[in-house]
Amino acid sequence: MWLKNKKLWFGLALLAILVLVRMGGFSDYFSLEYIKMQRDWLQGSVEYNYVISAIAFIVLYLTCVAFSLPVGAMLSMVGGFLFGTVPGFLFALTGATIGAIILFCVVRYIIGNTVQQKYAHQLESFNAAMEKEGASYLLFVRFIVVIPFFVVTLLAALTKVPLSTFIWTTLVGVAPATFIFAFAGQQLLDISSVYDVFSFQVILAFVLLAMLALLPLLIKWYRKK
């Protein structure tokens, strides 16, 4: 029976591709050192054809997100460096959102629906909570920037969170970090590590945003008490 399961084979093939991509050294091309080495060529490409360069950047970004490569912060910085803070931010946010949607839909099609059908009774209360408060939970985990981007997407795909909710919470949730990285891209040549971006003020801002996302839940809990 399992030999005829198309979802299973598709899932195994996708998993194999993800493993190969993540272990194939592709992330090395997104290191600070490599980007600095290629800065003249990159800047020349943008100056020669801005539109094609912007489209290529968005496609590259969404591809990396769809394949769960942990290079979003670096790409956001590169976007700010090449296109300027605001355009780079918008291009990066577009790529991140589209890539997350693709990954979300693929995982939900392969695994999510099967899990929900098989454990419908056990997940009943969990699904009810996610349908009511899923937006707050998703915003919280996006804002804290601790859980990897692709992990949040994968876990969300296994729940019954509506695609529309996932899309807008992804847009809003990743926007602050994306903007900060795009802004930091203006000083890309002077930065030695992505972690240099995270000052005390930046970390405090993310914590406050995360608490703000949980505020509706805290208010409901307080009223019940």
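Collect the residues in the stretch 51-75 that are hydroxyl-bearing (Ser, Thr, Tyr), surrounded by fewer than 17 Cβ atoms within 10 Å (Cβ to Cβ) and within 10 Å of the chain's Cα centre (by Cα), keeping them in residue-number order. Before you say what the answer is, go through the steps one by one.
First, pick out the residues of the stretch 51-75 that are hydroxyl-bearing (Ser, Thr, Tyr): 53, 61, 63, 68.
Remaining after also requiring surrounded by fewer than 17 Cβ atoms within 10 Å (Cβ to Cβ): 63.
Within the stretch 51-75, none qualify.
Go through the stretch 118-154 and give me each residue that's aromatic (Phe, Trp, Tyr), out of contact with any Gly (no Cβ under 7 Å at 6 or more places or on another chain) and modelled with pLDDT of 80 or more. I'd like the intermediate steps shown before the answer.
Applying the first criterion (aromatic (Phe, Trp, Tyr)) to the stretch 118-154 yields 119, 126, 137, 140, 143, 149-150.
Going one step further and asking which of them are out of contact with any Gly (no Cβ under 7 Å at 6 or more places or on another chain), we end up with 119, 126, 137, 140, 150.
Those that are aromatic (Phe, Trp, Tyr), out of contact with any Gly (no Cβ under 7 Å at 6 or more places or on another chain) and modelled with pLDDT of 80 or more: Tyr137, Phe140, Phe150.
List the residue pairs whose Cβ atoms are under 7 Å apart, where the first residue sits in the stretch 141-157 and is farther than 12 Å from Phe206 by Cβ, the second is assigned to a helix (DSSP H, G or I) and charged (D, E, K, R), and the two are 6 or more positions apart or on different chains.
From the stretch 141-157, the pairs are Val152/Arg142; Ala157/Arg108.
Output yes when any residue across the stretch 43-52 is closer than 30 Å to Ala157 by Cβ, hydrophobic (A, V, I, L, M, F, W, C) and at pLDDT 90 or above, and no when none is.
Narrowing the stretch 43-52 to residues closer than 30 Å to Ala157 by Cβ: none.
Checking the stretch 43-52: not a single residue is closer than 30 Å to Ala157 by Cβ, hydrophobic (A, V, I, L, M, F, W, C) and at pLDDT 90 or above.
Which one of these is among the β-branched types (Val, Ile, Thr), assigned to a helix (DSSP H, G or I) and surrounded by 17 or more Cβ atoms within 10 Å (Cβ to Cβ): Val86, Val78? I'd like the intermediate steps shown before the answer.
On the way: Val86 fails: surrounded by 17 or more Cβ atoms within 10 Å (Cβ to Cβ).
When all the criteria are applied, what remains is Val78.
Pairs under 6 Å by beta carbon, first residue more than 17 Å from Gly185 (Cβ to Cβ) in the stretch 35-62, partner β-branched (Val, Ile, Thr) and at pLDDT 95 or above, six or more apart or different chains?
The qualifying pairs are Leu62/Ile98.
If the requirement is being modelled with pLDDT of 75 or more, touching a Gly at 6+ places or on another chain (Cβ under 9 Å), crowded, with 19+ Cβ neighbours inside 10 Å and over 18 Å from Gly99 (Cβ atoms), which of these qualifies: Ala177, Ala157, Ala184, Ala213?
Working: Ala177 fails: over 18 Å from Gly99 (Cβ atoms); Ala157 fails: over 18 Å from Gly99 (Cβ atoms); Ala213 fails: modelled with pLDDT of 75 or more.
On inspection, the qualifying residue turns out to be Ala184.
Only one of (1) surrounded by 15 or more Cβ atoms within 10 Å (Cβ to Cβ); (2) at pLDDT 85 or above is not met by Ile110, so which one is it?
Only one criterion in (1) surrounded by 15 or more Cβ atoms within 10 Å (Cβ to Cβ); (2) at pLDDT 85 or above is unmet by Ile110, namely (2).
Any residue that is assigned to a loop (DSSP other than H, G, I, E, B) and modelled with pLDDT under 85 - is there at least one of those in the stretch 12-27? Give the steps one after another, and end with the answer.
Taking the stretch 12-27 as the starting set, the residues that turn out to be assigned to a loop (DSSP other than H, G, I, E, B) are 24-25.
Remaining after also requiring modelled with pLDDT under 85: 24-25.
So far as the stretch 12-27 goes, yes, one or more of its residues are assigned to a loop (DSSP other than H, G, I, E, B) and modelled with pLDDT under 85.
The values are calculated or read from the model by the stated rules, or taken from the named source; none is laboratory data. Treat the numbers as computed from the prediction; the structure is a model and nothing was measured. Positions of Cβ are generated from backbone atoms using ideal geometry, with glycine treated the same way; all protein chains shown enter the neighbour counts.
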